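Presented below is the structure to which this report refers.
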Amino acid sequence: MKKRICLLGSTGSIGKQAIEVIREHRDKFEITAIAVMKSIDALEEQIHEFNPAVAVVYDEAQAKLLRSRITPTQTKILTGMAGLIEAATHEAVDMVLNSVVGSVGLQPTLMAIKSKKNIALANKETLVVAGDLIMTEVNKNNVNIIPVDSEHSAIFQCLQGKAENSPSKILLTASGGPFREWSKEDIAKADYRAALKHPNWSMGRKISIDSATLMNKGLEVIEAKWLFNLDVDKIEVVVHPQSIVHSMVEFEDYSVIAQLGMPDMKLPIQYALTYPRRYAGSLPRLSFSEVRELSFHQPDMDRFPCLRLAYEAIAIGGTMPCVLNGANEELVQYYLQEKIGFYDISKYIEKAMAVHQSYQYAQIEELLEADAWVRSWIKSQIS
């Protein structure tokens, strides 16, 4: 029987690669529900190819336009957050692959978990913003979260069959981004075009900027804390420019297990969809005879203060990671619009964290309130 997938964010970088994996394994998967923010041209093609039961366009105007364009099908067109939630909780869906960008992915993930759907998670903001709440519901509903980020997928793979031995440390690898060898003075003058030029990975604009600031790695630290139930002082970031070792796990006897592969997101996507099995595919093969160097060093938190701020946010806990994330999402957009400089991102995040009085949350509404507050505060500061 085919595994029925809800794919949230089908026209983004991860979504497109997930489509390639599903297309290659049509005998194993079918797309039952699909969603985008506003890219209806690509979505229209996907609807005709996969004929899902439900398609969602988050932007209401674009959803209306799509309804007027598509030929009659059995696909139901929905919109907004209500549409994302309906797709994620659809009765015929077995697994939700959430690859939308930003905290908009939180509510669909939470409701899917409550509907006892397994989650393939590429939306790291879900756990950054609401890790405690999400993992409580995961345990209550007895569902799996299979990470799609290459680093967390690597850790997840390293831990298979080793439940009796809890890791003493996780080593999250980071490429270092496009500014790895730049001076702080040169980084300060860099515009978003330079920041988008990642040396190893092809990614969307927001995550590419996060990679340049190392905020992406900071968010992954927070995500790893919740995924693997570890204290944050047991999660270490190491810069690995080659992006061949995707992450490592150190055990109590100081043995270290690593997962290696070519820098291609289709591998962790496919593993998340096929877990616990593995299948052959057209994934690139790592040739060790061609690997000339594997190097590692500590990140520079002076040149990349966003990583330090992420560690500080999760150490404070409560609503502080939510504030960190909301501020970063707003500031990245200002940077992409050339309204602020590179180091303004970390400067205003730090200011927001200083103003915010963190509190312990119990309901998603409290997190939505904190998220709305910090976005409004950032806008008031920039304007």
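We did not get these values from a lab; they are worked out from the coordinates using the rules stated. Just so it is clear, the structure is predicted and the values come from calculations on it, not from any experiment. Glycine gets a Cβ as well: all are built from the backbone with ideal geometry, and neighbour counts include every protein chain shown.
Structure above, values below:
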| quantity | calculated |
| --- | --- |
| Filtered trypsin sites (Lys or Arg not before Pro), segment 95-141: DSSP coil and at most 14 other beta carbons within 10 Å | 116 |
| Nearest-20 debye value, segment 16-127 charge dipole, Cβ charges on Lys, Arg, Asp, Glu | 220 |
| Segment 73-176: translational diffusion in µm²/s, Stokes-Einstein, Kirkwood Rh over Cα pairs, 10 °C, 1.306 mPa s | 106 |
| Inter-label distance for residue 188 and residue 372, nm, one decimal - labels placed 7 Å from Cα along Cα-to-Cβ | 3.8 |
| Relative contact order of the chain, pairs being alpha-carbon contacts under 8 Å that are 6 or more residues apart, as % | 15 |
| Those GluC sites (Glu not before Pro) in segment 57-135 that DSSP places in a loop and that have at most 16 other beta carbons within 10 Å | 91 |
| Theoretical FRET efficiency, 1/(1+(r/R0)^6), r = Cβ-Cβ of residue 315 and residue 252, R0 25 Å, to 0.05 | 0.60 |
| Under Karplus coefficients 6.51, -1.76 and 1.60, residue-wise ³J(HN,Hα) of segment 284-296 in Hz, glycine/proline x | x, 9, 7, 9, 5, 5, 9, 7, 8, 7, 10, 10, 9 |
| Estimated [θ] at 222 nm from DSSP helical runs (n ≥ 4, -39500 (n - 2.57)) normalised by residues in the chain, nearest 500 | -14500 deg cm²/dmol |
| Theoretical FRET efficiency, 1/(1+(r/R0)^6), r = Cβ-Cβ of residue 236 and residue 289, R0 30 Å, to 0.05 | 0.50 |
| Taking only Cα atoms of segment 3-143, radius of gyration then Dmax in Å | 14.1, 44 |
| Computed E for residue 42/residue 363 - FRET, C-beta separation, R0 41 angstrom, nearest 0.05 | 0.70 |
| Kirkwood Rh and Cα Rg combined as Rg/Rh, segment 49-112 | 0.96 |
| Of the trypsin sites (Lys or Arg not before Pro) in segment 172-280, those whose Cβ has at most 14 other Cβ within 10 Å and which sit in DSSP loop | 197, 277, 278 |
| Residues in segment 238-274 that a label on residue 94 would reach, taking backbone N under 18 Å of a point 7 Å out along Cα→Cβ | 269-274 |
| Cα-Cα over 26 Å, subset of 189/351; 184/347; 64/197; 38/206; 169/189; 3/217 | 64/197; 169/189; 3/217 |
| Evaluated at q = 0.18, 0.20, 0.25 Å⁻¹: base-10 log I(q)/I(0), Debye formula over Cα of segment 300-353 | -0.54, -0.65, -0.95 |
| Principal axes of the chain: Cα extent on each, largest first, Å | 57, 53, 40 |
